Amino acid sequence: MKNLLFLLMLIILPVCHLNAQQTYSYQEPSSNVGVALQAGLALPMGNFSDVAKLGFGGEGTFEYRVTPQLGLNVSLGYYSWGAKNDLAPGFDFKVADLPLMIGAKYLLLETDFHPYVGAALGMHFVNTKVTVPNIAETSNNDTKFGFAPMAGLRWHMPPNVDLDLNVKYNIISDTNYLTIIAGAQVAL
């Protein structure tokens, strides 16, 4: 958790310093409604990192800005992981997560570069598939509740596009993971 906080400070503090030194001509997005697509990495954390290697995936997000600083959102994602190389030969392990989340983001500064913090909660539909050679293949589908604090940085490109980079820590019992994703949001 200390590493996560340190990483977030590395993202946010340089931008705050930049904004204190320069004046921007910030332009509001052309609409309160936006759609985003993002892709990135999913790093397994805790016990999950003992069996799973680096994962990949992405998210689609619908956002409604209640105020210029506060946005409410709904997101649907897909992330998948394979087994680490140090598992027994022939042993196969695959996990896929389909998170359906609702959340909020708060923009800290109204500039062309604006850091934000937020959180989301919702359901994770997790499929685990384990294959043991010459013995069995099992597949298990679980529905789990999850919570995800996040921090990120948006770069507004007038008139209607925001480039977005964020870090999110997904807390879902035994399948915790950290995502680092990037993409773009388009105002509708």
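Residue count for segment 149-188 satisfying the condition of being of a type in the set (Ser, Thr, Tyr) and without any contact (Cβ under 8 Å) to a residue 60 or more places away in the chain: 1.
If residue 173 satisfies all but one of (1) among the hydroxyl-bearing types (Ser, Thr, Tyr); (2) surrounded by fewer than 19 Cβ atoms within 10 Å (Cβ to Cβ); (3) within 9 Å of the chain's Cα centre (by Cα), what's the number of the condition it fails? (3) is the only condition that residue 173 fails. Can you confirm whether segment 105-128 contains a residue that is more than 20 Å from the chain's Cα centre (by Cα), over 18 Å from residue 46 (Cβ atoms) and of a type in the set (Gly, Ala, Ser)? No: segment 105-128 contains no residue that is more than 20 Å from the chain's Cα centre (by Cα), over 18 Å from residue 46 (Cβ atoms) and of a type in the set (Gly, Ala, Ser).
What residue, among those in segment 83-98 that are among the small types (Gly, Ala, Ser) and at pLDDT 75 or above, is nearest to residue 121 (Cα to Cα)?
Of the residues in segment 83-98, the ones among the small types (Gly, Ala, Ser) are 83, 88, 90, 96.
Narrowing further to those that are at pLDDT 75 or above: 83, 96.
Numbers: 83: 27, 96: 18 Å.
Per the stated criteria, the residue is 96.
Just one of (1) surrounded by 15 or more Cβ atoms within 10 Å (Cβ to Cβ); (2) out of contact with any His (no Cβ under 6 Å at 6 or more places or on another chain); (3) assigned to a strand (DSSP E or B) fails for residue 102. It is (1).
The values are calculated or read from the model by the stated rules, or taken from the named source; none is laboratory data. Just so we're clear, the structure is a prediction, and the values are computed from it rather than from any experiment. All Cβ positions, even for glycine, are placed from backbone atoms using ideal geometry, and neighbour counts span all protein chains on display.
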